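K.L.:
First, the structure itself, so that you have it in front of you.
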Amino acid sequence: MGYKIPTVLNNFNSYGAGHKYVGVSNEVTLPNFESMTETIDGAGIAGEIEEAIEGAFGSLETETTFGNISREYFDFITQTGQITYRGSMQVLNTATQTNDFESLVVTTKGKVKAFDLGSLKKGGKGEPKVTREVTYCKIAIAGTTVLELDKYNMIWKLNGVDRLQKVRSQI
């Protein structure tokens, strides 16, 4: 039967407000999900435990790197709302020993937090960057949503499980 091993992101494009940023965004650093925690201790507990607060995360950021300063770079800075990254993940089918492809879509919402103009380099890339504070993030692989976080609407879904549904129903 076999299984699929993700090997490389074959290619991707960045989109904002219907605009396709072809050939201008080189790399995207996705958010690091670090749970907010509270220290738990007390009688009957041998020490302290950092308890993760379900669905509560610290600041989330994306950093999009461009090749050089361009009109598209400044257009990207002024985009409000949704930014989508669409990629094609190359996967190895272990049963057939052949490559296949699965879609990877990362959708984010947030505001520009910082932008770095990069450098000017003769015959080179300046690598300017745009950093956004992320308040919404959704990841779909081959059409299946595997992660969704909406900080403003208290939604936290992981692998199809709505981990805050019970909390929302009780408040």
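Coordinate-derived values only; no laboratory data. All values reported here derive from a predicted model rather than from experimental measurement. Please note: Cβ atoms are built from the backbone with ideal geometry, for glycine as well, and neighbour counts cover all protein chains shown.
K.L.:
Output needed for segment 1-146: three equivalent-ellipsoid semi-axes, defined as square roots of 5 times the C-alpha gyration tensor eigenvalues, in descending order, whole Å.
P.N.:
Values: eigenvalues 205, 136, 42 Å².
Value: 32, 26, 14 Å, ordered largest first.
K.L.:
Still on this structure, please answer the following. Distance in nm between label sites at T145 and H19, each 7 Å beyond Cα in the beta-carbon direction?
P.N.:
2.7
K.L.:
Enumerate the aspartates and glutamates that K166 could reach by cross-link, defined here as Cα to Cα under 18 Å, with residues fewer than 8 away along the same chain left out.
P.N.:
Answer for K166, where 18 Å is the Cα cut-off: E54, E148, D150, listed by chain and number.
K.L.:
Exposed loop GluC sites (Glu not before Pro) only (DSSP loop, at most 15 other Cβ atoms within 10 Å): please give the longest stretch of the chain free of them, not including the sites.
P.N.:
Numbers: sites that count: E34, E48.
For GluC sites (Glu not before Pro) (loop position, at most 15 other Cβ atoms within 10 Å), the longest site-free span of the chain is 49-171.
K.L.:
Let me know the charge dipole size of segment 68-131 about its Cα centre in debye, to the nearest 20, where only the beta-carbon of Lys, Arg (+1) and Asp, Glu (-1) is charged. Please report the intermediate quantities before stating the final value.
P.N.:
Details: 9 positive and 6 negative charges, 76 e Å.
Using Cβ point charges on Lys, Arg, Asp and Glu, segment 68-131 gives about 360 debye.
K.L.:
Which parts of segment 112-137 would a label at N26 reach, counting a residue when its backbone N lies under 19 Å from a point 7 Å out along Cα-to-Cβ?
P.N.:
Correct set: 115-132.
K.L.:
Right, something else. Could you work out the helix-only [θ] at 222 nm for the chain, with each DSSP H run of four or more residues adding -39,500 (n - 2.57) and the total divided by the number of residues, to the nearest 500 deg cm²/dmol?
P.N.:
Working: 2 runs with 14 residues, N = 171.
Rounded to the nearest 500, it is -2000 deg cm²/dmol.
K.L.:
Select from G47, N68, L30 the residue farthest towards the positive end of the dipole of segment 17-68; place +1 on Cβ of Lys and Arg, -1 on Cβ of Asp and Glu, and compute about the Cα centre.
P.N.:
So the residue we want is N68.
K.L.:
Roughly how many debye, to the nearest 20, is the charge dipole of the chain about its Cα centre, given +1 on each Lys and Arg Cβ, -1 on each Asp and Glu Cβ, and no other charges? Please report the intermediate quantities before stating the final value.
P.N.:
Values: 18 positive and 20 negative charges, 175 e Å.
Once rounded to the nearest 20, the dipole reads 840 debye.
K.L.:
Here is a follow-up. With the contact rule set at Cα under 8 Å and sequence spacing of 6 or more, what percent relative contact order holds for segment 1-85?
P.N.:
Reported as a whole number, the value is 37 percent.
K.L.:
Obtain the radius of gyration and the Kirkwood radius of segment 126-171 from its C-alpha atoms and give Rg over Rh.
P.N.:
Working: Rg = 14.1 Å, Rh = 12.3 Å.
Ratio of gyration radius to Kirkwood radius for segment 126-171: 1.15.
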